[in-house]
Amino acid sequence: MPPVCKRMPNKYKPPPSGPLEHVLPRPCTSGRMSGMANEHEALAVFLGDWSASGTAYGADRQGTEWRSVHSSRWHTGDFFVVQDERANGPFDTMSFLGWDPERETYFSWSIENHGFAREYLVRRDGQVWTFSGETERATITFSADGRTQTHHWEFRPDDAWVTLCDRVATRVD
């Protein structure tokens, strides 16, 4: 049986008002965390190489064609998923997905080439993953065979949620 990791103190201390103070997972030195297996294994649905198309909407709410490719792999240690997405040339995003055993929730951190950083709490209900952030939210629904993702993203430019993009990603590997 693999060793079970005891919680190590988190040496990174963000500012008291910092957005990450309640989300940072604690390091594990043994390579295995207790009580995490089922939640961790569920993240594997995101792995692979994907091609997506659909419609993106900006603040003007005019739809434009969306095309992207993304590749998702386990980070070293196989605890976190790293996703690199390239869309329409000028839009690149790097995302990290994981399970926080202390808060018993999934999370996602995303950064993109226009300087935005996003943090989402993520909930899973069967094949549906719901991402909730301050200004953006999404549902990603996986097909039964795991080879298709249907995305619906919304953002809140004012007080109301409006569609940001709708797209379908198909596994290409």
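Read the figures in this text as sums done on the coordinates, not as results from a lab. Bear in mind the structure is a predicted one, so any value in this text is a computation, not a measurement. Backbone-built Cβ (ideal geometry, glycine too); neighbour counts: all protein chains shown.
General remarks:
- Backbone amide hydrogens, once placed in the peptide plane, bring Phe80 within less than 5 Å of His75, excluding anything fewer than 5 places away on its chain.
- Student exercise, the range 37-171 dipole from Lys, Arg, Asp, Glu Cβ charges, in Debye to nearest 20: 360 debye
- Shape category assigned to the range 82-161 from the gyration tensor of Cα positions, a/c cut at 1.5: rounded
- Dipole axis of the range 37-171 (+1 Lys, Arg; -1 Asp, Glu on Cβ), positive-most option in Tyr120, Ala44, Thr130: Ala44
- Annotation for Ala144 and Thr64: the two label points, set 7 Å from Cα along the Cα-Cβ direction, are 3.8 nm apart.
- Qualifying chymotrypsin sites (Phe, Trp or Tyr not before Pro) in the range 67-120, DSSP loop, other Cβ atoms within 10 Å at most 11: Phe116
- Sparse-neighbour loop sites [GluC sites (Glu not before Pro); the range 129-173; at most 13 other C-beta within 10 Å; DSSP]: Glu134
- Asp92 versus Thr163: modelled label distance in nm, points set 7 Å from Cα along the beta carbon direction: 3.0 nm
- Cα gyration tensor, the range 37-171 - rounded (a/c under 1.5), prolate or oblate: prolate
- Neighbour-limited loop hits for GluC sites (Glu not before Pro), the range 64-123 (at most 16 other Cβ within 10 Å; DSSP other than H, G, I, E, B): Glu102, Glu104
- Amide H partners (placed H, <5 Å) of Tyr106, local residues excluded: Asp100, Val122
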